[in-house]
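Engineer: Below is the structure I would like to discuss, written out as structure tokens.
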Amino acid sequence: MTDQDRLSCALDRIDQANRADPNTEQVDSETLPREYAYSLHMTRWLFALEASPSERMQIACRAQHIERWTIPRSDFGEGRKNYYLWRQACGRMHGRRAAAIMAQCGYPAEEYERVQTILTKRELRQDPDTQLLEDVACMVFLERYFARFYEEKAEYDREKWLRIVRRTWGKMTPRGHEAALKLAEGMPAHLLELLQEALADPEA
């Protein structure tokens with residue numbers, strides 16, 4: 001199997017898994033399974049930030065939320081600590097699923113173990129691939145989900161929103177910051193104002 005065949009095999013199997021999501025998202029005029037739509041957003045932003053991404057990064061970005069609906073957030077209780085426990089459980093599951101698919105498609109152990117490490121984000125900050133994945137995920141959040149999240153969490157006060165924006169910004173590299181600032185030019189006025197206020201004092 002050629003490298004391109006292996007990559008196509010892995011991406012196709014990830015897409016097949018994510019198309020089983022019972023939840024949906026509207027993308028332009030099309031209704032798509034939510035995590036399948038998310039994986040396409042991740043791929044699009046990967047190529048926007050990295051002109052020639054590696055195979056492992058293409059697979060990691062496509063598998064970032066693979067079958068996430070199978071681990072409901074509600075199973076982990078309320079609060080920030082439980083939120084992070086849920087995120088960690090999801091990351092481990094995504095890593096295992098991506099690694100299993102890559103093995104089925106003929107990738108060697110060192111490649112699928114590498115993707116598994118990237119998806120669990122154990123080496124965020126130290127590893128360029130893991131950091132690129134985080135930049136991509138942050139861009140997808142800002143472009144596709146920030147406005148909706150803001151409307152859904154109307155109970156959050158201003159300070160909490162400022163902390164959320166600062167945490168998101170703090171996860172990103174200068175490359176991600178540059179892309180985010182360009183994206184922000186087209187944001188609704190209230191979100192742009194929130195971003196500007198958060199970045200005026202990023203250490204607060």
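Engineer: Of the residues 74, 54, only one is at pLDDT below 95, over 11 Å from the mean Cα position of the chain (by Cα) and not hydrophobic (A, V, I, L, M, F, W, C); which?
Structural biologist: 74
Engineer: Further, regarding this structure: For the range 10-44, which residues satisfy the criterion of being in contact (Cβ under 8 Å) with a residue 40 or more places away in the chain, within 22 Å of residue 102 (Cα to Cα) and not polar (S, T, N, Q)?
Structural biologist: Result: 10, 11, 13, 14, 15, 17, 20, 21, 38, 41, 42.
Engineer: Using the structure shown, decide if residue 145 is within 16 Å of residue 194 (Cβ to Cβ) and either of a type outside the set (Lys, Arg) or modelled with pLDDT under 95 (or both).
Structural biologist: When the stated conditions are applied, residue 145 passes them.
Engineer: Taking the residues in the range 54-87 that are more than 20 Å from residue 4 (Cβ to Cβ) and either touching a His at 6+ places or on another chain (Cβ under 6 Å) or touching a residue at least 24 places away in the same chain (Cβ under 8 Å) (or both) as candidates, determine which candidate is surrounded by the fewest Cβ atoms within 10 Å (Cβ to Cβ).
Structural biologist: It comes out as 69.
Engineer: On to the next question. Say whether the condition of being out of contact with any Cys (no Cβ under 8 Å at 6 or more places or on another chain) and in a strand (DSSP E or B) is met by at least one residue in the range 1-22.
Structural biologist: No, every residue in the range 1-22 fails to be out of contact with any Cys (no Cβ under 8 Å at 6 or more places or on another chain) and in a strand (DSSP E or B).
Engineer: Residues in the range 122-132: is at least one in contact (Cβ under 8 Å) with a residue 24 or more places away in the chain and hydroxyl-bearing (Ser, Thr, Tyr)?
Structural biologist: no
The values are calculated or read from the model by the stated rules, or taken from the named source; none is laboratory data. Values in this document were obtained by computation on a predicted structure and should not be read as measured data. Cβ sites come from the backbone with ideal geometry, for glycine too, and all protein chains shown count toward neighbours.
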